[in-house]
1. Given the condition crowded, with 19+ Cβ neighbours inside 10 Å and within 30 Å of His200 (Cβ to Cβ), answer yes or no: does some residue in region 91-98 qualify?
2. Starting from region 244-262, keep only residues that are within 19 Å of Ile337 (Cα to Cα) and among the charged types (D, E, K, R), then list their pairs with residues that are in a helix (DSSP H, G or I) and open to solvent by less than 60 Å² (accessible area, probe 1.4 Å) whose Cβ atoms are within a distance under 8 Å, requiring at least 6 positions of separation or different chains.
3. For residues that are in a loop (DSSP other than H, G, I, E, B) and hydrophobic (A, V, I, L, M, F, W, C), tally how many sit in region 13-32.
4. Kindly indicate whether Tyr53 is out of contact with any helix residue (DSSP H, G or I) (no Cβ under 7 Å at 6 or more places or on another chain), surrounded by 13 or more Cβ atoms within 10 Å (Cβ to Cβ), at pLDDT 95 or above and among the hydroxyl-bearing types (Ser, Thr, Tyr).
5. Take Gly134 and decide whether it is of a type in the set (Gly, Ala, Ser), in contact (Cβ under 8 Å) with a residue 12 or more places away in the chain and at positive phi.
6. Checking the conditions here, which among Glu276, Glu310, Glu301 is acidic (Asp, Glu), open to solvent by 10 Å² or more (accessible area, probe 1.4 Å), modelled with pLDDT under 95 and touching a strand residue (DSSP E or B) at 6+ places or on another chain (Cβ under 8 Å)?
7. Checking the conditions here, which among Tyr129, Tyr118 is closer than 18 Å to Ala24 by Cα and out of contact with any helix residue (DSSP H, G or I) (no Cβ under 6 Å at 6 or more places or on another chain)?
8. Among the residues of region 137-195, count how many are of a type in the set (A, V, I, L, M, F, W, C) and assigned to a loop (DSSP other than H, G, I, E, B).
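The values are calculated or read from the model by the stated rules, or taken from the named source; none is laboratory data. Small disclaimer: the values here were computed from a predicted structure and weren't measured. Cβ placement follows ideal geometry from the backbone for every residue including glycine, while neighbour counts extend to all protein chains displayed. Please note that ligands, DNA and RNA were not included when accessible areas were found on the heavy atoms of the full protein model with its side chains. Shrake-Rupley method; radii C 1.70, N 1.55, O 1.52, S 1.80 Å.
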Amino acid sequence: MEKKNLDWSNIGFSYMTTDKRYVANYKDGQWGPGELTSDSTVVLNECAGILQYCQECFEGLKAYTTADGSIVTFRPDLNAERMMDSAAWLEMPPFPKERFLEAVDQVVKANAAWVPPYGSGATLYLRPYMFASGPVIGVKPATEYQFRLFVTPVGPYFKGGAKPLTLCVSDFDRAAPHGSGHIKAGLNYAMSLHASVLAHEAGYDENLFPDSATRTYVEETGGANFLFITKDHEVVTPQSGSILPSITRRSLVYVAEHYLGLKVTQRPVKLSELSEFAECGLCGTAAVISPVGKIVDHGKEICFASGMDEMGEITRKLYDTLTGIQMGTVEAPKGWIRKIV
């Protein structure tokens, strides 16, 4: 299929309306048949549960053109499972895993012309989301819901290369110890916006949110998990019940162990031990790994040995291996790549 006539290397990381999206509705206790539509408009009752009580969850994944010209997605089964977990926690009817995967396949096929070509640095971003569409005025779950999935081509998250970021330790809490931090709900991201704006105004790239109970342990940023590298090349990831289980982080951990032969440890990480690590990165769908060069804790600068100029040695190897798997230049573990076209 002929690709859209776009300057793929300069499209930026922003929304662009594409040809088709998928819609399915839940009513009378069951999910109805889904369909593709050209209409990008969502029409809602003024009393819809999403507008009143923020009953909503979402996912983010990508489709890629690989080295052999195929169009694939990366571990969409894990996105389906995580979305089901998020929905259940929010008292929403989970959208079945197989239907989720079918929707992904249908929408990517229908928008194949929008999947950036191999080597362009761009990808097709997929946004599945589900919300309460039925009216509800009392504080309770709605009875009607809508699942939607749209796609948009995006350029590299870091145009010109991934330069190490500077973070600050936030004075705000991202999630309560027994709250919703472990699910991918819009309400979590809304709660981080104020802290994010303040961090940017102060000259920082992002926040580090410590645990809310003691404020002594590292949790995550507003939208990414942490990954640390020791001086002995051990990979360490923070452990907490209020951290979102990142699919990218889980994949990087597997790569570290099985491709690079590194030791991996998941444990609580204290703020006081950050200076002992040689490298630091943020894991997420958008950029895979964003290197961190410095964290500022209320005036105290914690500088990682990897520096502020480029990715650290191990972080780079993790990034190159995982992106190679996604792009088809490195052999993938069984089940990681779902071929669509």
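1. Among the residues of region 91-98, not one is crowded, with 19+ Cβ neighbours inside 10 Å and within 30 Å of His200 (Cβ to Cβ), which makes the answer no.
2. Listed by first residue and then by second, the contacts come to Arg250/Leu78.
3. 2
4. Numbers: out of contact with any helix residue (DSSP H, G or I) (no Cβ under 7 Å at 6 or more places or on another chain): yes; surrounded by 13 or more Cβ atoms within 10 Å (Cβ to Cβ): yes; at pLDDT 95 or above: yes; among the hydroxyl-bearing types (Ser, Thr, Tyr): yes.
In short, yes.
5. On the way: of a type in the set (Gly, Ala, Ser): yes; in contact (Cβ under 8 Å) with a residue 12 or more places away in the chain: yes; at positive phi: no.
Taking the combined requirement at face value, the residue does not satisfy it.
6. Working: Glu276 fails: modelled with pLDDT under 95; Glu301 fails: modelled with pLDDT under 95.
Result of the check over Glu276, Glu310, Glu301: Glu310.
7. Residue meeting the stated conditions: Tyr129.
8. Within region 137-195, the first condition is being of a type in the set (A, V, I, L, M, F, W, C), and the residues that meet it are 137, 139, 142, 147, 149-151, 154, 158, 162, 165, 167-169, 172, 175-176, 183, 185, 187, 190-191, 193, 195.
Remaining after also requiring assigned to a loop (DSSP other than H, G, I, E, B): 137, 139, 142, 158, 162, 172, 175-176, 183.
Looking only at that region, the number is 9.
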